[in-house]
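Inspection log for the structure reproduced underneath, given as C-alpha cells.
The values are calculated or read from the model by the stated rules, or taken from the named source; none is laboratory data. Note that the coordinates shown come from a computational prediction; the quantities given were computed from them, not determined experimentally. Neighbour counts run over all protein chains shown; Cβ positions are idealised from the backbone, glycine included.
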Amino acid sequence: MKTGIILLAAGRSTRFGSDKRCAPWPGQTCMLKASIENALQSGLPCYVVLHEGDQSILDHCIDDGAEAGVCPDAARGIGDSIAFGVHANQDWDGWIIARADMPWITAETYRVLASHLEDHDCARPVDEYGQPGYPTGFRKEHAFELMQLHGHRTEARLIPDAPYVNVMIGDSMIHSDVNRPEDLPYPA
C-alpha cells in the first residue's frame, strides 16, 4: 500500500504576522524545512501544498526531496488545499494530512499512522487521555470526500466517531502548532 504525506503549507500566516514557514527553526534553516525533513525521514513520499506566488519555496521543497504544487484556490481555505493535494496524488492508496506549522510531528508518528491505514480506512492520533490531534490519515475509500473539501472545512469532519480510528501516540506534540511568534521554541 502506497501512503504519502500531504503537507499543507498554503496558509497566509496572518496571526503570525509574517511568513511563518520561513521562521528560524533549531537545526534547520526554517520551520517548513524542519516539517519536510521529519516527513521525509518517515520513508513516505511527501507532497507540499503551497499558495500562489510560492515558486521559490516550491523549488526549495523539490531540492529538499519533496514534491510540491501550488494550489490556485488556497486563499479560499484549508479544505481547498487538502482537496488539491489529494487530487494531485490520486495514485496513492492513502494520505496522511499534515500541517507544516506542526514541525514537532515525528517521522515515527507518520510511520505509525501509515501502518494503521494498512488495516483501517482512517487514522487519528490520540494522546494518553484520548484527546485527538493531528495529522490524520485516510485510505483511498475517502478520496472523493477529501477532494470535495473546500473553504475552512477540514478533513477532521470526515473521521467517524469510532474507536478503531484512534491511534495512541505518546507525544503531546500532536496538539502543538505555530500560530504566533511566541509559539516558536525560541524568539524569532
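Taking the range 148-188, which residues are surrounded by 17 or more Cβ atoms within 10 Å (Cβ to Cβ) and assigned to a helix (DSSP H, G or I)?
Passing the criteria: E155, L158, V165, M173, I174.
Considering only the range 86-110, how many residues are closer than 24 Å to S18 by Cα and either in a helix (DSSP H, G or I) or without any contact (Cβ under 8 Å) to a residue 40 or more places away in the chain (or both)?
Of the residues in the range 86-110, 0 are closer than 24 Å to S18 by Cα and either in a helix (DSSP H, G or I) or without any contact (Cβ under 8 Å) to a residue 40 or more places away in the chain (or both).
Would you tally the residues in the range 77-97 being polar (S, T, N, Q) and within 13 Å of Q148 (Cα to Cα)?
Of the residues in the range 77-97, 1 are polar (S, T, N, Q) and within 13 Å of Q148 (Cα to Cα).
Is it the case that A143 is under 23 Å from P72 (Cα atoms), at pLDDT below 90 and hydrophobic (A, V, I, L, M, F, W, C)?
no
For the subset of the range 29-53 comprising residues that are in contact (Cβ under 8 Å) with a residue 40 or more places away in the chain and of a type in the set (S, T, N, Q), which member is surrounded by the most Cβ atoms within 10 Å (Cβ to Cβ)?
This residue is S35.
Is there any pair with a first residue in the range 152-173 that is within 20 Å of I5 (Cβ to Cβ) and a second that is aromatic (F, W, Y) and surrounded by 12 or more Cβ atoms within 10 Å (Cβ to Cβ) whose Cβ atoms are under 6 Å apart and which are 6 or more apart or on different chains, and what are they?
Hits for this filter: M173/W104.
Can you work out which of the residues in the range 19-46 that are of a type in the set (S, T, Y) and at pLDDT 90 or above is nearest to I78 (Cα to Cα)?
From the range 19-46, those of a type in the set (S, T, Y) are 29, 35, 42; that's our starting set.
Filter once more, keeping what is at pLDDT 90 or above: 35, 42.
Numbers: S35: 17, S42: 24 Å.
Among residues in the range 19-46 that are of a type in the set (S, T, Y) and at pLDDT 90 or above, the one nearest to I78 (Cα to Cα) is S35.
Output the number of the condition that A114 fails; it satisfies all remaining conditions of (1) surrounded by fewer than 21 Cβ atoms within 10 Å (Cβ to Cβ); (2) of a type in the set (A, V, I, L, M, F, W, C); (3) farther than 26 Å from G151 by Cα.
Single failed check for A114: (1).
Go through the range 1-26 and give me each residue that's within 18 Å of I57 (Cα to Cα), within 18 Å of the chain's Cα centre (by Cα) and of a type outside the set (A, V, I, L, M, F, W, C).
Of everything in the range 1-26, those that are within 18 Å of I57 (Cα to Cα), within 18 Å of the chain's Cα centre (by Cα) and of a type outside the set (A, V, I, L, M, F, W, C) turn out to be G11, R12, S13, D19, K20, R21.
Looking at the range 39-53 only, could you name the residues that are more than 13 Å from the chain's Cα centre (by Cα) and closer than 13 Å to L8 by Cα?
If the condition is that a residue be more than 13 Å from the chain's Cα centre (by Cα) and closer than 13 Å to L8 by Cα, then H51 is the only one that fits.
Kindly list, by first and then second residue, each pair from a residue in the range 59-75 that is within 12 Å of C46 (Cβ to Cβ) to a residue that is surrounded by fewer than 15 Cβ atoms within 10 Å (Cβ to Cβ) and of a type in the set (V, I, T), limited to pairs with Cβ atoms under 8 Å and residues at least 6 apart or on different chains.
From residues that are within 12 Å of C46 (Cβ to Cβ), the pairs are A68/I62.
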